[in-house]
């Protein structure tokens, strides 16, 4: 799918530990990711927590996401009606072990499910959080068909009140 980009940075390590560049403007530019970053966020969640699928209408955010502790299943869904990949989704495992990052462009809803006992999730954004434009898409909407690995958490995820009340795709306000 055009849009999200999986980034697997070079990890230099030995018995003492490792070193990895988590942000280098020139390396991202080579992949077509050129943005002014305005905000960094850090989220910690327990096993089984599902956050998402979130997006902002008035100030769409691009996100460069990664996990520095634990493991998540990370999902991006194209919610641009005019896109050839509208309703398509991509899901990847991000962890402190694999050190992968995922670029999620503006126009995509985003969410993640925590697979480890806890996860520390970090992300850079291209726009500030804008509460009036904040939207949530129903995480398990059959119209999307996201294949969350629920068997790995032993059942249903833990959701916020906002995510429990999220709109299904056919009732959601989306990008044109």
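Could you tell me which numbered condition residue 55 fails, if it satisfies all but one of (1) assigned to a strand (DSSP E or B); (2) over 18 Å from residue 139 (Cα atoms)? That leaves (2) as the condition not met. The set of residues in region 1-30 being farther than 21 Å from residue 121 by Cβ and touching a residue at least 24 places away in the same chain (Cβ under 8 Å) consists of 1, 2.
Whether any residue in region 129-145 is touching a helix residue (DSSP H, G or I) at 6+ places or on another chain (Cβ under 8 Å), more than 23 Å from residue 32 (Cβ to Cβ), without any contact (Cβ under 8 Å) to a residue 40 or more places away in the chain and surrounded by 14 or more Cβ atoms within 10 Å (Cβ to Cβ) is what I want to check. Walk me through it before giving the result.
Taking region 129-145 as the starting set, the residues that turn out to be touching a helix residue (DSSP H, G or I) at 6+ places or on another chain (Cβ under 8 Å) are 136-139, 141, 143-144.
Next cut, more than 23 Å from residue 32 (Cβ to Cβ) only: 136-139, 141, 143-144.
Still in the list and also without any contact (Cβ under 8 Å) to a residue 40 or more places away in the chain: 141.
Still in the running and surrounded by 14 or more Cβ atoms within 10 Å (Cβ to Cβ): 141.
So far as region 129-145 goes, yes, one or more of its residues are touching a helix residue (DSSP H, G or I) at 6+ places or on another chain (Cβ under 8 Å), more than 23 Å from residue 32 (Cβ to Cβ), without any contact (Cβ under 8 Å) to a residue 40 or more places away in the chain and surrounded by 14 or more Cβ atoms within 10 Å (Cβ to Cβ).
Scanning region 1-33 for residues that are at positive phi and loosely packed, with under 12 Cβ neighbours inside 10 Å gives 17, 32.
Each value in this text was obtained by applying a stated rule to the coordinates, not by laboratory testing. Since the structure is predicted, the reported quantities are computational estimates derived from the model, not experimental observations. FYI the Cβ positions are ideal-geometry reconstructions off the backbone, even for glycines, and counts take in every protein chain you see.
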